[in-house]
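Student: Before we start, here is the structure in question, set down as structure tokens.
Where a number appears in this text, it was derived from the coordinates with a stated rule and is not lab data. Keep in mind it's a predicted model, so treat the numbers as computed, not measured. Here the Cβ is made from the backbone with ideal geometry for all residues, glycine too, and neighbour counts use every protein chain on show.
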Amino acid sequence: MPTITAFANSPDRGRGLARDTRVRWALEEVGQAYDVQLLTFPEMKEPSHLALNPFGQIPTWEEDGLALFESGAIILRIAETHPGLLPAGEAARARAIMWMFAAVNTVEPPIVDRSMVFLFEREEPWFETRLTAVETLCRRRLEQLSAWLGETEWLDGDFSVGDLMMISVLQRLGSSGIVERFPNLAAYVTRGEARPAYQSAFAAQLAVFEAAQKAG
Ligand code: GTB
């Protein structure tokens with residue numbers, strides 16, 4: 001059984017935005033049971049965790065002597081070792097992986113930048129200007145993605161790792177209202193979130209947060 005790591009007390013307060021949720025989602029999609037090791041921030045910087053992830057972050061993955069970090073690499077490993085998240089044909093498989101990279105490499109950066117501006121630049125005199133700039137970049141990416149998706153259900157044929165990753169990335173825009181400007185993307189995210197596997201993954205990470213709250 002694989003073991004993943006996750007925040008012992010997620011700063012997103014159980015909203016499912018930390019990157020263990022996408023790994024849990026992939027595991028649920030393929031029906032693979034898993035263990036979770038919960039880590040505090042100081043524990044993530046200890047040598048035992050740095051041996052798994054030199055950047056001291058979650059999520060990580062361990063199974064049968066294989067240790068991985070990077071949510072994309074972990075999800076790709078899950079998809080490659082279980083049926084259900086990658087299409088059968090070679091070309092379609094390559095395109096599904098392409099969409100994973102597009103999610104983390106092209107769409108996610110301005111979205112993460114936006115979060116960072118909120119976290120670290122809120123009190124700075126340039127906050128509004130910077131926010132406008134990063135939100136313009138986010139909107140541009142979403143406009144392009146929206147044009148590609150059109151009225152189709154998923155990015156390329158059946159639901160795949162590409163969709164799982166893209167939806168996880170879009171979720172980080174949260175209540176900004178940016179996704180909602182593109183009704184087809186909002187419906188796309190809702191479709192992903194309605195999948196039973198996502199619901200189970202979300203519930204599992206929320207249970208961790210609620211237990212931490214109870215424990216004080
Ligand atoms: N590229 C890596 C991956 O995809 O796995 C990035 C991993 C990463 O950013 N991990 C974060 C982490 O461990 C947690 S998920 N941070 C602790 C540290 O760096 O010390 C990122 C995240 C954190 C919080 C929220 N939130 O509060 O909404 C959302 C996403």
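Student: Can you give the Rg and Dmax of the range 34-119 based on its C-alpha atoms, in angstrom?
Tutor: 15.5, 44
Student: Please work out the ratio of the alpha-carbon Rg of the chain to 2.2 N^0.38 Å and round it to two decimals.
Tutor: The chain yields a ratio of 1.03.
Student: Here's a follow-up. Beta carbons within 10 angstrom, averaged per residue: use that to sort the peptides 100-109, 46-55, 185-194, highest first.
Tutor: Peptide ranking by packing, descending: 100-109, 185-194, 46-55.
Student: Roughly how far apart, in whole Å, are the Cα centres of the range 158-183 and the range 1-53?
Tutor: 21 Å
Student: Same structure, new question: Taking the radius of gyration and the Kirkwood hydrodynamic radius from Cα positions alone, what is the Rg/Rh ratio for the range 135-216, to two decimal places? Show your work: numbers first, answer last.
Tutor: Details: Rg = 14.7 Å, Rh = 13.9 Å.
In the range 135-216, Rg relative to Rh is 1.05.
Student: Still on this structure: Taking neighbour counts of Cβ atoms within 10 Å as a proxy for exposure, in what order, fewest first, do E153, E90 appear?
Tutor: With the sparsest Cβ surroundings first, the list reads E90, E153.
Student: In deg cm²/dmol, rounded to 500, what helix-only [θ] at 222 nm does the chain give when every DSSP H run of at least 4 residues adds -39500 (n - 2.57) and the total is split over its residues?
Tutor: -17000 deg cm²/dmol
Student: I've got another one for you. Beyond 19 Å, how much of the Cα-Cα pair distribution for the range 90-195 remains, as a whole percent?
Tutor: Details: 2364 of 5565 pairs.
More than 19 Å apart: 42 percent of the Cα pairs in the range 90-195.
Student: Please work out the Cα center distance from the range 74-89 to the range 196-216, rounded to the nearest Å.
Tutor: So the separation of the two Cα centres works out to 25 Å.
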